[in-house]
1. Sort out which residues of the stretch A:2-51 are in contact with a helix residue (DSSP H, G or I) (Cβ under 9 Å, 6 or more places away or on another chain), near DNA strand C (Cβ under 9 Å from one of its atoms) and more than 10 Å from every other protein chain (Cβ to nearest Cβ), and write them in order of number.
2. Have a look at B:Glu85, B:Glu133 and point out the one that is free of Cβ contacts under 8 Å to residues at least 24 places away in the same chain, acidic (Asp, Glu), farther than 28 Å from A:Leu8 by Cβ and within 16 Å of DNA strand D (Cβ to nearest atom).
3. Got a number for residues in the stretch A:91-123 being part of a helix (DSSP H, G or I) and either surrounded by fewer than 16 Cβ atoms within 10 Å (Cβ to Cβ) or among the aliphatic types (A, V, I, L, M) (or both)?
4. If you take the residues in the stretch A:156-165 that are of a type in the set (D, E, K, R) and within 8 Å of another protein chain (Cβ to nearest Cβ), which one is farthest from the chain's Cα centre (by Cα)?
5. Can you tell me which residue among B:Lys46, B:Lys22 is of a type in the set (D, E, K, R) and closer than 28 Å to B:Gln139 by Cβ?
6. Give the stretch A:19-35 a look and list any residue that's more than 8 Å from DNA strand D (Cβ to nearest atom) and either loosely packed, with under 15 Cβ neighbours inside 10 Å or on the phi > 0 side of the Ramachandran plot (or both), or say none.
7. Residue check: is A:Leu11 buried (at least 19 other Cβ atoms within 10 Å of the Cβ) and in contact with a strand residue (DSSP E or B) (Cβ under 9 Å, 6 or more places away or on another chain)?
8. Quick one: in the stretch A:47-73, of everything that is touching a residue at least 12 places away in the same chain (Cβ under 8 Å) and exposed (fewer than 13 other Cβ atoms within 10 Å of the Cβ), which residue is farthest from DNA strand D (Cβ to nearest atom)?
Protein chains: 2
Amino acid sequence: MTLQYALLGFLNYGPMTGYDLKKLLDTSTQMFWHAELSQIYPQLKKMEKDGLLTVICEPQAGKPDKKIYNITNQGRAVLLQWLSEPLDEVLPDKDPVLLHLFFAGALNKQVILSQLRLQLELRRAYLSRVEVEVAGFIQDTIRVTGQKREGIFWELIRRFGAEQTRTSIAWLEEAIQLVESELS
Amino acid sequence: MTLQYALLGFLNYGPMTGYDLKKLLDTSTQMFWHAELSQIYPQLKKMEKDGLLTVICEPQAGKPDKKIYNITNQGRAVLLQWLSEPLDEVLPDKDPVLLHLFFAGALNKQVILSQLRLQLELRRAYLSRVEVEVAGFIQDTIRVTGQKREGIFWELIRRFGAEQTRTSIAWLEEAIQLVESELS
DNA sequence: CAAGGCATGTAAATCGTTACATGATTTA
DNA sequence: TAAATCATGTAACGATTTACATGCCTTG
């Protein structure tokens with residue numbers, strides 16, 4: 001169901017195809033929402049049937065028709081209603097990395113250390129991507145589309161990701177030290 | 001598949017029932033892994049069929065037989081193999097709260113502020129639970145079971161949750177200020 | 001006396017991933 | 001010439017949630 005709202009959110013920016021939506025999911029929401037084309041296409045079909053979207057087919061040579069989706073007033077209403085819902089939960093998410101670590105007592109010190117060091121490396125690389133590429137991408141998008149109000153929230157979420165990653169990095173550094181010194 | 005490893009991880013501590021496992025998932029891993037009984041029972045059955053577990057049925061009056069599961073050597077090998085896998089990904093998780101906020105530009109200032117304030121309240125409450133109850137629960141468990149080595153990791157993960165929550169709180173406070181001052 | 005804990009499950013539905021299928025054009 | 005981009009999908013499988021079903025015992 002949530003995928004529906006993600007798609008409505010993007011279609012509220014303007015008409016586009018399923019393929020376009022996939023690219024947007026991959027470049028902007030990927031860290032907190034993503035989906036495969038094989039999930040997006042049927043979902044769009046259902047939303048059209050439900051009256052949340054309309055389609056225009058644009059014939060193309062050598063490729064399938066381009067199906068350009070438009071959000072309807074009903075679709076906009078459904079989106080706004082969802083967006084207005086109170087955020088009254090702290091969401092438990094699923095994180096296999098933490099599950100690993102939770103049972104890591106069963107492993108020997110060296111294996112644990114190499115796992116922690118690998119995570120540390122990956123998160124440092126991710127942080128620099130968020131601080132450089134993602135930040136630039138958001139500024140470009142604001143400039144090109146003129147979505148200043150929306151841009152405030154995009155940037156806020158980017159900073160959230162950066163802060164969370166910094167926290168992870170500091171924690172991993174401490175964890176490595178602790179395992180090195182306190183684990184036999 | 002990951003649920004299997006969570007169950008193996010707990011059964012590696014000692015024999016127990018599906019009902020027991022559900023309670024453990026609810027009290028210790030709930031923030032990074034959880035499952036319903038309707039998923040746990042069939043999974044245990046499958047794991048027994050696969051030779052990762054053995055069962056002993058203990059008849060009870062007025063209740064269904066208690067089915068006590070034991071991890072086998074093969075189960076232990078499967079668990080250790082999974083635990084040893086390199087943690088070579090930064091996991092994208094799904095977070096409807098961030099998705100909300102990503103599209104919050106479509107909402108008016110007051111609705112956004114009340115949503116952010118609600119999240120702030122919830123996370124402050126969660127942090128105090130992690131710092132008091134969860135911390136106490138972990139120390140009790142270490143004392144009662146004597147799992148000192150495992151306890152190091154439980155405590156590490158608890159601190160991770162606390163740090164991430166602190167980061168969220170600081171970020172929400174900033175976000176509220178920014179929305180108050182910079183959004184019309 | 002109602003609610004919750006104990007203890008097991010099944011059935012249906014939804015959500016999500018992976019694999020398969022087509023076929024032209026562009027880029028490395 | 002192989003791979004990526006464009007552009008659509010279907011099919012099969014696996015993971016997860018929600019609803020339903022039973023029934024005793026304990027606690028408030």
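Any read-out appearing in this document is the output of simple, stated calculations on the displayed coordinates, not a laboratory observation. None of these values were measured; they are calculated from a predicted model. Because the Cβ atoms are built from the backbone with ideal geometry, glycine has one as well, and the counts that use them run over all protein chains shown.
1. Scanning the stretch A:2-51 gives A:Gln4, A:Glu36, A:Leu37, A:Gln39, A:Ile40, A:Gln43, A:Lys46.
2. Details: B:Glu133 fails: within 16 Å of DNA strand D (Cβ to nearest atom).
Matching residue, one of B:Glu85, B:Glu133: B:Glu85.
3. First, pick out the residues of the stretch A:91-123 that are part of a helix (DSSP H, G or I): A:96-102, A:104-106, A:109-123.
Those still in the list that are either surrounded by fewer than 16 Cβ atoms within 10 Å (Cβ to Cβ) or among the aliphatic types (A, V, I, L, M) (or both) too: A:97-99, A:101, A:104, A:106, A:109-114, A:116-118, A:120-122.
Total meeting the criteria: 18.
4. Applying the first criterion (of a type in the set (D, E, K, R)) to the stretch A:156-165 yields A:158-159, A:163.
Imposing the further condition that a residue be within 8 Å of another protein chain (Cβ to nearest Cβ) reduces the set to A:159, A:163.
Numbers: A:Arg159: 14, A:Glu163: 16 Å.
Of everything passing the filter in the stretch A:156-165, A:Glu163 is farthest from the chain's Cα centre (by Cα).
5. Details: B:Lys46 fails: closer than 28 Å to B:Gln139 by Cβ.
None of the other options fit; the residue is B:Lys22.
6. Once the filter is applied, which keeps residues that are more than 8 Å from DNA strand D (Cβ to nearest atom) and either loosely packed, with under 15 Cβ neighbours inside 10 Å or on the phi > 0 side of the Ramachandran plot (or both), the stretch A:19-35 yields A:Asp26, A:Thr27, A:Gln30.
7. Working: buried (at least 19 other Cβ atoms within 10 Å of the Cβ): yes; in contact with a strand residue (DSSP E or B) (Cβ under 9 Å, 6 or more places away or on another chain): yes.
Yes.
8. Here the answer is A:Gly51.
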